[in-house]
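As structure tokens, the structure follows; a few thoughts come after it.
The values are calculated or read from the model by the stated rules, or taken from the named source; none is laboratory data. What you are looking at is a predicted structure, and each value in this text was computed from that prediction instead of being measured. Every residue, glycine among them, receives a Cβ derived from its backbone with ideal geometry; neighbour counts consider all protein chains shown.
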Amino acid sequence: MTIIDGLVAEHRVFLMLFDQVEHALPGVKTVEEIGLLCRLLEAPLHDHGGAETDLAYIALDHILHQKNHLTRLHHDHQEIDVLLKKVEAIKDLQKARTQLKVALDACRAHFSEEERTVFPLIEKTLQPETLQILGRVWKSQSHLAR
Ligand SMILES: [Fe+2]
Ligand SMILES: [Fe+2]
């Protein structure tokens, strides 16, 4: 398993979770429950973004013309954190539901962009052996891979 296989597999797990959360949202009766859903997503998303930055993005860091792209994707990671934290602070149930959907859609768009742009570049830039080694490092750190 390469680092990219691992990250894409994590995306699939998150996308399934997002669908389930979205499906459950109309039945959620309190903002506290919405806050709980946000907190459940925050930590694994944070870990996923951290592993990407540390293990994968860094591989492209020396390709100068990719700098803007990477900076934006890195910025997305912080923004996703902030979006979920903002949902937790909302006191109106309908608004909280709507904003959680906005956060989930932002994550989906971010994953899709990574898979279309940065991941193929990383696969082109690094040697297959390096991708495998990074995959092993990722696997030893990922909670979702266990
Ligand atoms: Fe990411
Ligand atoms: Fe990702």
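Leu126 meets the stated requirement of being more than 27 Å from Gly35 (Cβ to Cβ), buried (at least 19 other Cβ atoms within 10 Å of the Cβ), away from ligand 2 (no atom under 16 Å from the Cβ) and touching a residue at least 60 places away in the same chain (Cβ under 8 Å).
Yes or no, residue by residue, for (1) within 15 Å of ligand 1 (Cβ to nearest atom); (2) at pLDDT 95 or above; (3) closer than 20 Å to Glu123 by Cβ:
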{"position": "Arg12", "(1), (2), (3)": "yes, yes, yes"}
{"position": "Gly27", "(1), (2), (3)": "no, yes, no"}
{"position": "Ile58", "(1), (2), (3)": "yes, no, yes"}
{"position": "Lys67", "(1), (2), (3)": "no, no, yes"}
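Here the condition is being in contact (Cβ under 8 Å) with a residue 40 or more places away in the chain and more than 30 Å from Thr30 (Cα to Cα); of Leu93, Leu84, Leu70, it holds for Leu70 alone. Among the numbered conditions (1) assigned to a helix (DSSP H, G or I); (2) touching a residue at least 12 places away in the same chain (Cβ under 8 Å); (3) not hydroxyl-bearing (Ser, Thr, Tyr), the only one that Gln20 does not meet is (2).
This table checks each residue for (1) in a helix (DSSP H, G or I); (2) within 13 Å of ligand 2 (Cβ to nearest atom); (3) touching a His at 6+ places or on another chain (Cβ under 7 Å); (4) of a type outside the set (Asp, Glu).
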position: Cys38; (1), (2), (3), (4): yes, no, no, yes
position: Pro44; (1), (2), (3), (4): yes, yes, yes, yes
position: Ala56; (1), (2), (3), (4): yes, yes, no, yes
position: His77; (1), (2), (3), (4): yes, yes, no, yes
position: Lys85; (1), (2), (3), (4): yes, no, no, yes
position: Lys95; (1), (2), (3), (4): yes, no, no, yes
position: Asp105; (1), (2), (3), (4): yes, no, no, no
position: Ala109; (1), (2), (3), (4): yes, yes, no, yes
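Among the residues of the range 99-146, none is identified as of a type in the set (Ser, Thr, Tyr), away from ligand 1 (no atom under 15 Å from the Cβ) and within 15 Å of the chain's Cα centre (by Cα). In the range 29-56, the qualifying residues are those that are loosely packed, with under 13 Cβ neighbours inside 10 Å and within 12 Å of the chain's Cα centre (by Cα), and the one that is nearest to ligand 1 (Cβ to nearest atom) is Gly50. Scanning the range 58-75 for residues that are assigned to a helix (DSSP H, G or I) and hydrophobic (A, V, I, L, M, F, W, C) returns Ile58, Ala59, Leu60, Leu64, Leu70, Leu73. Number of residues in the range 104-137 that are over 26 Å from Ala24 (Cβ atoms), touching a Phe, Trp or Tyr at 6+ places or on another chain (Cβ under 8 Å) and aromatic (Phe, Trp, Tyr): the value is 0. Among the residues of the range 1-10, the one identified as assigned to a loop (DSSP other than H, G, I, E, B) and either modelled with pLDDT of 95 or more or touching a strand residue (DSSP E or B) at 6+ places or on another chain (Cβ under 7 Å) (or both) is Thr2.
Do we have Leu60 as over 20 Å from Phe14 (Cα atoms) and either out of contact with any Pro (no Cβ under 9 Å at 6 or more places or on another chain) or away from ligand 2 (no atom under 14 Å from the Cβ) (or both) here? When the stated conditions are applied, Leu60 passes them.
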